[in-house]
Structure formats: C-alpha cells, structure tokens
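Trainee: Pasting a structure below so you can have a look.
The values are calculated or read from the model by the stated rules, or taken from the named source; none is laboratory data. Just so we're clear, the structure is a prediction, and the values are computed from it rather than from any experiment. Counting neighbours? That spans all protein chains shown, and the Cβs are built from the backbone with ideal geometry, glycine included. These accessible areas exclude ligands, DNA and RNA; they are computed on the full protein's heavy atoms, side chains included. Shrake-Rupley method; radii C 1.70, N 1.55, O 1.52, S 1.80 Å.
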Amino acid sequence: MSNCVIVGINWGDEGKGRMVDLLTERYDIVVRYQGGGNAGHTVVNDKGKFALHLLPSGVFRDGVVNILGNGVALDPENLWKEIQDVRSKGICITPENLKISNRASLLLPWHRELDELEELRLADKQYGSTKQGIAPFYSDKYQKKTVLAGELFYPEELKSHLRDLMEWKNLTVTGVYGAEPFTADMLEEWFRAFCEPIMPFVCDTGSYLREAQKDNKNIMFEAQLGALRDLDFGIYPYTTSSNTLAAYAPIGSGLTTADIDEVIGVVKAYSTCVGEGPFVCEMFGEDADRLREAGFEYGAKTGRARRVGPLDIVATRYGVEVQNASRIALTKLDVLSYMDKIPVCTHYRLKNGELTDRFPFPTELETAEPVIEYMEGWKCDISNIRNWEELPEAARNYVTYIEDAVKCPVAFVSVGAERESIIIR
Ligand code: GDP
Ligand code: MG
C-alpha cells in the first residue's frame, strides 16, 4: 500500500488537478481533505476539458473511488450542480465512485450570502474572497454552528437544528448587515433541491478508508490551494480558511491512521496569485500581460485575471519545507518558451535593508522587495517533448537550478495541460 498527498507549494493554481488526474492511474482512492467549491482544478484528458470545484480529480478514472472527507466545506448546491454538469459531459458519477463523509459539515445558504455582504462592507479592504461562503462556513464550523452531512438522514432533528441556526444567523444578517432574513421555506426548498439529491452519496467514509487501509489500497489525498494560503502557515490574513498542508490530510480525509509515504508538491514554473494580499515577486505592465496571456492565467472558478511573477525561490523553498514535499511536479514549463531570459526571484530585500532567502513573517511581506536574477531561455517549443534528455539544455538547467535551490528533486516536468504532456524523470 502507498499513500500520497498532492499539494500546492505556492499560492494555488499550480496544476494539482492535472497531476492528480495523471497519477490516479496507480491509486484506488482519491480524497479531498479540505477547502470547498472555491477550488478550480483543471483537468484535460481523453474525456474532455473540465474545471472541477469540489469533486476530487480522480473522477475520470474507472475504478477509482472519490471521497469528500470531513475536512471539506460541503456545499450541497455547488456539489449537486457540479455532479450534473460533469455527468452531462459523459462522466459517470454514482455512489460507487463518489462518497461523501457523513462527518463533513454543510455549507449553508447564508454562508455564501454572508461572504458577499462582508466583502461589500470591507469595500477597498477586501480579502479577495471567491464569495463561495468558505470563510463564514469555517468560522461557523469551529463555532459548532453548522450541520453534518449525516444529519440529513434525521429529518425531524435536522429541521429543528436548522431552525435554531437560522434564528441565530438572522440576527447577524439583518442586524449587522441590514439584509433580508432567511426563512424556513427557503431552507426547505434548499433541502429539497440540493440536499436530497446528494444523500445517496453520504456514508461513513472514515470506516471505509480504514478498511481500505487494511486491504492495502493505494490512497491519494488531494489538496486545494497551496502552502502560502494555509490558514496557520500562509500569508495570514490573506489565506484561505482551512489547512492546505499535507500534514492535515489524515485529519481532513477521515483516515486518521494514515501514514503518509510521499508528498508531491506541485510548483508552477513561474508564480501566480489570485486575489488580494502581498505578492512580493509580482510583475506589472507589458511583461506581466505577456506572461498572463502565455499561461492563460485566468481563474478556473471566477475568471479573474491572475497576478503573475517570476518563480519565487524564497516562497517556494518555504512551501517545500512546510509541506514536507518529497518530490516536485513542475508544471507549465512550456509557457516560458517565449522568454529570452527567464527571471527568478532569489531573495527578498526587507524594509530594514536586510537581504534574506528565508520567507519572512507576513507583516514584513508588505514592504519586501524582490531580488531578481536571470537565467538563459531556450526559445523553442518544448510541448511535444516527453524525455528529459530531449529538453534543451537551458530548460534542464532551469529545472536543476530549482531543485538545488529549494532542496527537493523535480520528478515530473509538465509541458502541457493534457494528461500525457509530461516528462517523468
Ligand atoms: P490547480 O488549481 O492547482 O488544479 O490548477 P488550475 O487548474 O487552477 O490551474 C492550472 C492551469 O494550467 C489549468 O488551466 C491547466 O489546464 C493548465 N496546465 C496545467 N499544467 C500545464 C502545463 O504543463 N502547461 C500548460 N500550458 N498548461 C498547464
Ligand atoms: Mg485552481
């Protein structure tokens, strides 16, 4: 049996979905263990092009069981719409290949609304939320003010639990934000339209996973976002509201007994960051536009233009450390093929003038300046290359430079969005 966690090393959108889709060939089970429907995991394979939000990226492989663990923000509305959307493209989603933890907490109708109301209140001080209700959801989860998916099977108890929560939440919705209150009818309609359809997928995935472990099944854990968005170890408060680190996989998946054999950290060949927050290596102007167009850096969930920059060695080394990555999958190397020379951010210059290669405390990020060095470009199309030896020397130098700098071997080099556009070393 082998366990593997696939995580983002940076700010997210590194290409985790693409790597999960590729590597699930060797796995029996894929579990999403944190985050919610604000994810955009793009997968391009023989079945088409998909942007997955909540569904694990193993849904395209026959025989792979996909699990939404207790750590995810389970939004019945988003999930049911996504299931229907993916099904309409010919992908089979049944209770056999999709299982939802009965201990996953439900994202309730007011969470999305509160996300929006709070971002509006913040005006020019927004966190850059995807407005999917993730932050209000997790705060309510830790306040014990939401319901578990398993409660759907107890309609009487659920009804009164939801009513109590709604009365409490309406105090905030109306009193703090001056918005319209939620009603029992709205909740009933929500239950009928989105909760009932997902009930066949809800089960005790914790015991399922422990059985699978006993049967020596290969289990993959799929993370959302990246190390720098981790609630505890990222660029707080511009983080997400869950733990994106591999170390959280045993808890959030429900396999608390998991021994992690391997952590594959996905790193993009340059940097992108969506939303607000300090992004030290950010590029602006024409250079940024060119890179954004070359990499088509627009959010899979929101369509927002992503901020772009050169590969940030300082942030990436930190990401590798906190993720405890054993191997790196370097994605989108093909995107850099147009560059004469390739910028790399090697150090930060802090406000006090100090030069550092250590990722600083979040407060220091706001004023840190990037120190940029240049490497030679390769100036040719590499998207059809499948062997390491065939990569131009300058491209190989770029890859080996990265692994030396961040102290982790690059095991996969991705040169295209399609499943087979990969160089395995
Ligand atoms: P995730 O959130 O980490 O799964 O990443 P996203 O799917 O949000 O963003 C990665 C984007 O890059 C998607 O549009 C992928 O189809 C695309 N992609 C992934 N790997 C490669 C690659 O090696 N080359 C190119 N050109 N595109 C890639
Ligand atoms: Mg994404």
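Trainee: Select from region 327-345 the residues that are more than 19 Å from the chain's Cα centre (by Cα) and either open to solvent by less than 10 Å² (accessible area, probe 1.4 Å) or farther than 21 Å from Thr367 by Cβ (or both) and list them in ascending order.
Mentor: Leu333, Asp334, Val335, Leu336, Ser337, Tyr338, Met339, Asp340, Lys341, Ile342, Val344, Cys345
Trainee: Among what's in region 143-177 and is touching a residue at least 12 places away in the same chain (Cβ under 8 Å) and basic (Lys, Arg), pick the residue that is surrounded by the fewest Cβ atoms within 10 Å (Cβ to Cβ).
Mentor: The residue in question is Arg163.
Trainee: Among the residues of region 1-60, which ones are of a type in the set (Gly, Ala, Ser), open to solvent by 10 Å² or more (accessible area, probe 1.4 Å) and under 20 Å from Gln323 (Cα atoms)?
Mentor: Ser2, Gly15
Trainee: Let me ask something else. Scanning for something closer than 25 Å to Thr239 by Cβ, open to solvent by less than 80 Å² (accessible area, probe 1.4 Å) and part of a loop (DSSP other than H, G, I, E, B), does region 361-381 turn up at least one residue?
Mentor: Yes, region 361-381 has at least one match.
Trainee: Follow-up. Restricting to region 272-307, and then to whatever is in a helix (DSSP H, G or I) and open to solvent by less than 60 Å² (accessible area, probe 1.4 Å), can you tell me which residue is farthest from ligand 1 (Cβ to nearest atom)?
Mentor: Gly285
Trainee: I need a count of the residues in region 136-172 that are hydrophobic (A, V, I, L, M, F, W, C) and out of contact with any helix residue (DSSP H, G or I) (no Cβ under 6 Å at 6 or more places or on another chain).
Mentor: The qualifying residues number 7.
Trainee: Would you check which residues across region 369-425 are within 12 Å of ligand 1 (Cβ to nearest atom) and aromatic (Phe, Trp, Tyr) and list them?
Mentor: Phe412
Trainee: I need the full set of residues from region 82-110 which are touching a helix residue (DSSP H, G or I) at 6+ places or on another chain (Cβ under 7 Å), open to solvent by less than 10 Å² (accessible area, probe 1.4 Å) and part of a helix (DSSP H, G or I), in order please.
Mentor: Trp110
Trainee: Is region 111-119 home to any residue that is open to solvent by 10 Å² or more (accessible area, probe 1.4 Å), closer than 15 Å to Phe194 by Cβ, in a helix (DSSP H, G or I) and basic (Lys, Arg)?
Mentor: Looking for residues that are open to solvent by 10 Å² or more (accessible area, probe 1.4 Å), closer than 15 Å to Phe194 by Cβ, in a helix (DSSP H, G or I) and basic (Lys, Arg), one finds at least one in region 111-119, hence yes.
Trainee: Return the residue satisfying two criteria in turn: it lies in region 120-138 and is part of a helix (DSSP H, G or I) and without any contact (Cβ under 8 Å) to a residue 60 or more places away in the chain, and of such residues it is surrounded by the most Cβ atoms within 10 Å (Cβ to Cβ).
Mentor: Pro136
Trainee: Next question. Away from ligand 2 (no atom under 16 Å from the Cβ) and either assigned to a helix (DSSP H, G or I) or aliphatic (A, V, I, L, M) (or both): does that describe Val335?
Mentor: Taking the combined requirement at face value, the residue does not satisfy it.
Trainee: Please work out which residue is farthest from ligand 1 (Cβ to nearest atom), limiting yourself to region 1-59 and to residues that are on the phi > 0 side of the Ramachandran plot and assigned to a strand (DSSP E or B).
Mentor: Gly48
Trainee: Hey, among Ala227, Ala249, Ala258, which residue is under 14 Å from the mean Cα position of the chain (by Cα) and under 23 Å from Asn66 (Cβ atoms)?
Mentor: One residue alone meets the criteria, Ala249.
Trainee: Follow-up question, since we're still on this one. Within region 33-51, take every residue that is closer than 29 Å to Arg210 by Cα and within 13 Å of ligand 2 (Cβ to nearest atom) and give me the one that is nearest to the chain's Cα centre (by Cα).
Mentor: Ala39
Trainee: Open to solvent by less than 40 Å² (accessible area, probe 1.4 Å) and either in a helix (DSSP H, G or I) or not hydrophobic (A, V, I, L, M, F, W, C) (or both): does that describe Gly206?
Mentor: yes
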